[in-house]
Amino acid sequence: MLEHKFTGPPFTVGIEEELMLVDAESLDLAQEIEALLAAVPGEFEGQVKPELMQAVLEIATTPCAGVAEAGEQLAGLRRTVSGCAEGLGLAVGAAATHPFALCTAQEIVDRPRYRELVAELGYIALREIIFGTHVHVAIEGADRAIYVADGIRRYLPLLLALSANSPFWEGIRTGMMSSRVPVFRAFPREGIPPHYGTWEIYSNRVEMMVRAGAIEDYTYLWWDVRPHPNFGTVEVRILDQQTRVEHTVALAALVVSLAHRFCGLHDDDEPLVGYPTELIDDNKIRAACRGIDGKLVDFRRGEQVAAPEMARRLLAMLGEHAEELGCRSELEGVEDLLANGTGAHRQLAIHERTGDLRRLVAEIVETSRP
């Protein structure tokens, strides 16, 4: 079976954000990741990294004892890269798509993994000018990690609805709250994962794909939630990138609290229902199209429920878990998304007020600063 590091300590937290690099004057995406990396102080080595496109940078916290610590690190990283960008005539923005950037204008980062990815996927990879947030939660025990990932699986559409922050794509108002979803949907091994059940089943299926030459290793499984054996974490990847760092932190608290709940259910030998992938995926598209303005199917009740109602029921259920983890106040930040709208709502409101997508990017850049 695959080697792993699910050895604890449990519930340490890591957050990764994919940010856009723009020209400070034109607000077009800037193909300047190498210049930015060269400007970042050496103490942040490994925490500021390139991604597939030269206009994308990733910031990543170290493993943190809790959500609050991870949030502080994340805010510090945003300040650092924003300061470095200013010295280069650039700016950093946070949203799940750049509202008017064209895929054809983007350049690929010159790294072997990315060159190979483009060689394999061609046009599919060349369209991937999108930005997401990934939350890692350390889990103790490989089977427990699979149980947690399987459990979070049914909540993925709700997490997407709460995080939706990409209503524009290549200058078009798409009518979706998360336009990032259909872009990434073209990738293989992406989306709602299978219900694996045990570490042995997961390990055998990954090894089968590696032997067949389909993937090099498990990191080429881009599921919306996945075990990360080398880090010893469960990684939630479905979230649209948030403009405000406090919203990233609130969603991270929600993910960690969910993981804590499912660890408890696992330890109580609670059977876990493996809901069909097609049902969860149907909810995911509902969430991408309507965000929290829509309805999602509640599988247990067998009916459609307004997304905010489903979210508030979940928050009530997770309150004691957040309390135990010390992230109750951070979890309460989800209420702001419910009461005042998601990033997609704010983008649409700005555009309706100004009618100017460049003005929208300027406000995204301004609001992205911690």
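The values are calculated or read from the model by the stated rules, or taken from the named source; none is laboratory data. Bear in mind that the values here come from a model prediction, so they are computed numbers and not experimental data. FYI the Cβ positions are ideal-geometry reconstructions off the backbone, even for glycines, and counts take in every protein chain you see. The protein model used for the area step is the full one, side chains on, heavy atoms only, and it has no ligands, DNA or RNA in it. Shrake-Rupley method; radii C 1.70, N 1.55, O 1.52, S 1.80 Å.
Summary table below
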| quantity | calculated |
| --- | --- |
| Rounded to 10°, Cα long-axis angle of helix 67-86 versus longest principal axis of the chain | 20 degrees |
| Cα-centre dipole for the chain with unit charges at Cβ (Lys and Arg positive, Asp and Glu negative), debye to 20 | 880 debye |
| Burial ranking of peptide ranges 303-315, 128-140 (average Cβ count within 10 Å, highest at the top) | 128-140, 303-315 |
| Packing-based order for 362-369, 343-350, using average beta carbon neighbours within 10 Å, highest first | 343-350, 362-369 |
| Cross-link reach list, lysines versus Lys5, counting only Cα pairs under 25 Å and skipping chain neighbours closer than eight places | Lys49 |
| Residues of type lysines that Lys284 reaches as a straight line, Cα spacing below 19 Å, ignoring anything fewer than 8 places off in the same chain | Lys295 |
| Helix axis angle, 343-354 relative to the chain longest principal axis, alpha carbon, degrees | 30 degrees |
| Residue-normalised accessible area of segment 50-158, expressed per residue, 1.4 Å probe, Å² | 33 Å² |
| Helix axis angle, 307-325 relative to the chain longest principal axis, alpha carbon, degrees | 70 degrees |
| Residue-count net charge about Ile139 - beta-carbon cut-off 13 Å; Lys, Arg +1, Asp, Glu -1 | -1 |
| For the chain, built as a Gaussian network whose Cα springs stay under 10 Å, the top-fluctuating residue of Glu43, Glu69, Glu86 | Glu43 |
| Residue-count net charge about Thr104 - beta-carbon cut-off 14 Å; Lys, Arg +1, Asp, Glu -1 | -3 |
| Normalised contact order of the chain, rounded percent, pairs of Cα under 8 Å and 6 or more residues apart | 23 percent |
| Gaussian network model of the chain, Cα within-10 Å springs - most flexible of Thr174, Thr233, Thr354 | Thr354 |
| Per-residue [θ]222 nm for the chain (sum of -39500 (n - 2.57) over DSSP H runs n ≥ 4, rounded to 500) | -14000 deg cm²/dmol |
| Spatial separation of Cα centroids for segment 247-308 and segment 172-239, in angstrom | 17 Å |
| With every protein chain in place, the chain: carbon and sulfur % of accessible area (1.4 Å) | 50 percent |
